1. Among residues belonging to the range 50-60 that are part of a helix (DSSP H, G or I) and surrounded by fewer than 20 Cβ atoms within 10 Å (Cβ to Cβ), point out the one that is modelled with the highest pLDDT.
2. With respect to ALA82, determine if the residue is assigned to a helix (DSSP H, G or I), farther than 18 Å from ALA112 by Cβ and open to solvent by 30 Å² or more (accessible area, probe 1.4 Å).
3. What are the residues in the range 65-79 that are part of a loop (DSSP other than H, G, I, E, B) and open to solvent by less than 90 Å² (accessible area, probe 1.4 Å), if any?
4. State all residues of the range 25-46 that are within 15 Å of the chain's Cα centre (by Cα) and of a type outside the set (A, V, I, L, M); if no residue qualifies, say none.
5. Of all residues in the range 85-129 being outside any helix (DSSP H, G or I) and among the hydrophobic types (A, V, I, L, M, F, W, C), which is modelled with the lowest pLDDT?
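The values are calculated or read from the model by the stated rules, or taken from the named source; none is laboratory data. The shown structure was predicted, so the numbers you read here are calculated from the model rather than taken from an experiment. Backbone-built Cβ (ideal geometry, glycine too); neighbour counts: all protein chains shown. Surface areas here come from the heavy atoms of the whole protein model, side chains and all, with no ligands, DNA or RNA. Shrake-Rupley method; radii C 1.70, N 1.55, O 1.52, S 1.80 Å.
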Amino acid sequence: HRDLHPGTMYRVDEHFMLNDWGLAVTKSTHHSVAGVLGFQSNAVLADAISGQPHRYEPADDLHSVVRLIFVYVQCLMPQLTAIGNNPALVSQFWSEKPQMQMDIWTRLQAAAESLDYSFDNVLPQLLPA
């Protein structure tokens, strides 16, 4: 997808849906970094900072999902929005979040890294009913 953020996801009952597939790619090839940077993985942000194209992988989108949930649960959207699309500031924003080291977030990040799409055992603990 390459551009997961609150404007490209919506919730229907207990399910999250994606829309706006305009930046999606079908193969894992190098592409310029595009879209809203606030929810991108550390790997995407590092390439954006260095000006290098990024080889997008499914884990990048899963990291974006973890960050979306984190911002939603922690009510951090105003702070993230204030940063804008500056990759260095976005990277700093995420590096300064000690809450991301909590067990639940560590498990979600590990699941994203290992391409474990079965977030079902964790998501109910995070989302309001």
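1. Only one residue tops the list, namely SER50.
2. yes
3. Looking only at the range 65-79, we keep the residues that are part of a loop (DSSP other than H, G, I, E, B), and these are 75-76.
The answer is LEU76, and nothing else.
4. Those that are within 15 Å of the chain's Cα centre (by Cα) and of a type outside the set (A, V, I, L, M): GLY35, GLY38, PHE39, GLN40, SER41, ASN42.
5. So the first thing to find is which residues in the range 85-129 are outside any helix (DSSP H, G or I), and the list is 85-86, 96-97, 102, 114-118, 122, 127-129.
Checking the rest, the ones that are also among the hydrophobic types (A, V, I, L, M, F, W, C) come to 102, 115, 122, 127, 129.
Working: MET102: 72, LEU115: 73, VAL122: 58, LEU127: 59, ALA129: 53.
Per the criteria, the residue is ALA129.
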